[in-house]
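S.K.: Below are the C-alpha cells for one structure; questions will follow.
The values are calculated or read from the model by the stated rules, or taken from the named source; none is laboratory data. As the structure is a prediction and not an experimental result, all values here were calculated from the model. All Cβ positions, even for glycine, are placed from backbone atoms using ideal geometry, and neighbour counts span all protein chains on display. The protein model used for the area step is the full one, side chains on, heavy atoms only, and it has no ligands, DNA or RNA in it. Shrake-Rupley method; radii C 1.70, N 1.55, O 1.52, S 1.80 Å.
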Amino acid sequence: MELNSVILTTGSSVGFFKLVNYGVGKLPIPETAQRNVWKWKNISTSFVHSLLTGVWSVLCFCMHPQMAEDLIETYSVFSHALVSVSIGYFIYDFFDMVINQKISHSWELLFHHVVVITCFGISVLTCRYVGFAVVALLVEINSIFLHLRQVLRMASLAKSTFYRVNSMINLGTYVVFRINTLAWMTRWLVLNRDLIPLISYTIGSVGLAIMTLMNIVLFYRLMRSDFMKSSREKDVRKEKEKEM
C-alpha cells in the first residue's frame, strides 16, 4: 500500500470510530450509566473496535496462512489495512481521552496508545512486521469480553448470570490471547534478534515490556474484583449464617 492509501485508511478509521461513538450516544443509555455518559460511549466504541479487529486478525491468518511463517516480510493488503484501521482507532481514542478526561486519570492508557501507534506506524510505513502486528491484535479477542465486562458493570448487571459467565470467559481468553500472546511475541523477538534492526528491536522490546507489565497488573485487578471479592463475600455470608 502507498503512503496515500495508508493515510486514507487511517483517516477513514478515525472518522468511522467517531461516527460509532456518536451513534452510541443516540442509543438508549442505562440510567446507571448516565452519570458518566462519556465513559459509556468510550467503552462501547472500544468494544466495537475489539470485535472488529479481533475477528479481522483471525481472518488474516486464515486467508493468508503464509504470513504465520514469515512475520517480517510476508503480508497481504487485507492485513496491512487491518493495522492501519487499528492505528486510526488508537489515534481517535487518544484524543477522545485527552479532550474528555483528566490526564492524571488516563495516563497509563495514553502511554499505551502512543506505544501502539508508534510500533504499528513503523509496520505500515515500512511494510515490514505486519504479521507481527496482526499477532499483537489477537489480544483484541480478549478485549471483546474485557470491554463487555465494563459495559455490564456500568449497567448495574455485575450480579447477573451473564456477567459471571462473561467474567470466566474473560479470564480464560485473557490467559490465552493476552498473556500467552505477549509471551510468544517476546520469545519471537528474542529468537529473531539478528533479523531485526536495532532501532526496531529496541522499540519492540520496550513496547512489549510495558504491555506485559500493564497486563500483569490488570490481571491481578480482574482476579481481585471478580473472583477474590466474591470468595470473600461468600465467607462473610457463611459467618453470618453460623452466628444466626
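S.K.: Determine the calculated [θ] at 222 nm for the chain from helices alone, applying -39500 (n - 2.57) to every DSSP H run no shorter than 4 residues and normalising by the residue count; nearest 500 deg cm²/dmol. Walk me through the intermediate numbers first.
M.R.: On the way: 10 runs with 187 residues, N = 244.
Estimated from H runs of four or more residues: -26000 deg cm²/dmol.
S.K.: Considering Cα pairs under 8 angstrom that are at least six residues apart, work out the relative contact order of the chain and quote it in whole percent. List each step's numbers first, then the result.
M.R.: Values: 221 pairs, mean separation 53.1, N = 244.
Relative contact order comes out at 22 percent.
S.K.: In region 170-184, which residues have a backbone nitrogen under 13 Å from the label point lying 7 Å from V206's Cα in the Cα-to-Cβ direction?
M.R.: From region 170-184, the list is empty.
S.K.: List the relative contact order of region 113-188 as a percent without decimals, with contacts defined as Cα pairs under 8 Å and 6+ residues apart. Don't skip to the answer; put the middle values down first.
M.R.: Details: 39 pairs, mean separation 27.1, N = 76.
About 36 percent, as a whole number.
S.K.: What are the ³J(HN,Hα) values, in whole Hz, obtained from phi via the Karplus relation 6.51 cos²θ - 1.76 cosθ + 1.60 with θ = phi - 60°, for each residue of region 93-106 in sequence order, with x given for Gly and Pro?
M.R.: These are the phi-based 3J(HN,Hα) values: 5, 4, 6, 4, 6, 4, 6, 10, 9, 5, 4, 5, 8, 9 Hz.
S.K.: How long is the gain from Y220 to S160 if the chain were fully straight, where each residue apart is worth 0.36 nm and the alpha carbon distance is subtracted? Before the final figure, lay out the partial values.
M.R.: Values: separation 60, 0.36 × 60 = 21.60 nm, distance 2.20 nm.
The span from Y220 to S160 would gain 19.4 nm if fully extended.
S.K.: Report the gain in length on full extension from I72 to T126: 0.36 nm times residue separation, minus Cα-Cα distance, nm rounded to one decimal. Present the calculation step by step, with values, prior to reporting the outcome.
M.R.: Details: separation 54, 0.36 × 54 = 19.44 nm, distance 1.04 nm.
Between I72 and T126, full extension yields 18.4 nm more.
S.K.: Please give the per residue accessible area of the chain, computed with a probe of 1.4 Å over protein heavy atoms only, in Å².
M.R.: On the way: 13640 Å² over 244 residues.
Dividing the accessible area of the chain by its residue count gives 56 Å².
S.K.: What FRET efficiency would be calculated for the residue pair L27, E108, taking the C-beta separation as r and a Förster radius of 45 Å, to the nearest 0.05? Display every interim value, and only then the final one.
M.R.: Working: r = 28 Å, r/R0 = 0.63.
So, using R0 = 45 Å, E works out to roughly 0.95.
S.K.: Along the principal axes of its C-alpha atoms, what lengths does region 1-114 span, in descending order and rounded to whole Å?
M.R.: Dimensions of region 1-114 along the principal axes of its Cα atoms: 48, 27, 25 Å.
S.K.: Find me the longest stretch of the chain that has none of the exposed GluC sites (Glu not before Pro), where exposed means in a DSSP loop (not H, G, I, E or B) with at most 10 other Cβ atoms within 10 Å. Don't skip to the end; give the middle numbers.
M.R.: Details: sites that count: E2, E69.
Result for the longest clean stretch: 70-244.
S.K.: To the nearest 0.05, how large is the calculated FRET efficiency for V175 and N4 if R₀ is 51 Å and r is the Cβ-Cβ distance? Intermediate results must be reported in sequence, preceding the final value.
M.R.: Numbers: r = 41 Å, r/R0 = 0.80.
After rounding, the FRET efficiency stands at 0.80.
S.K.: Tell me the angle of helix 198-223 to the major Cα principal axis of the chain, expressed in degrees between 0 and 90 and rounded to the nearest ten.
M.R.: It works out to around 10 degrees.
S.K.: Quote to one decimal, in nm, the extra length available between M228 and V37 on full extension: 0.36 nm per residue of separation minus the C-alpha distance between them. Provide the component values of the computation, followed by the final result.
M.R.: On the way: separation 191, 0.36 × 191 = 68.76 nm, distance 2.91 nm.
That works out to 65.8 nm of additional length.
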